[in-house]
């Protein structure tokens, strides 16, 4: 998907990556934005009304990408505090305002991930 220039620029300010495997920084960023959207489609069950919580609830689609080195595309990723936070908020705000259209783009590409929901039964937490 073509994400707004403002979002792309904000993410370039908010994170530094050292790509591997022939990836460029631009390809890594495109993957991050698109894969996050795919995971939101799965988590929200393609329902625009559920997007906000699915973006922001713990173990978020975006946050789930970082521990795995952005799915093995980078040697190193560095998130730059306030600039990262600004980029994430810009992306989330845009996604929420355009939820139905974005979900439609990624409708057939839903990507499951371990979002940690339902990981513990009630008896295990006692």
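Below, the figures for the structure above:
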| item | result |
| --- | --- |
| Given [x] 0.92; [y] 1.09; [z] 0.98, the label whose value is Rg/Rh (Cα atoms, Kirkwood Rh) derived from this model | [z] |
| Fewest-first ranking of 90, 55, using other Cβ atoms within 10 Å as the exposure measure | 90, 55 |
| Förster radius 25 Å - calculated FRET efficiency between residue 47 and residue 9 (Cβ-Cβ, nearest 0.05) | 0.25 |
| Residue order, fewest to most beta carbons within 10 Å, for 6, 83 | 6, 83 |
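The numbers here are math on the coordinates, done by the rules we state, and not lab data. These numbers come from a predicted model, not from an experiment. Using ideal geometry, Cβ is built from the backbone for each residue, glycine included, and neighbour counts are taken over all protein chains shown.
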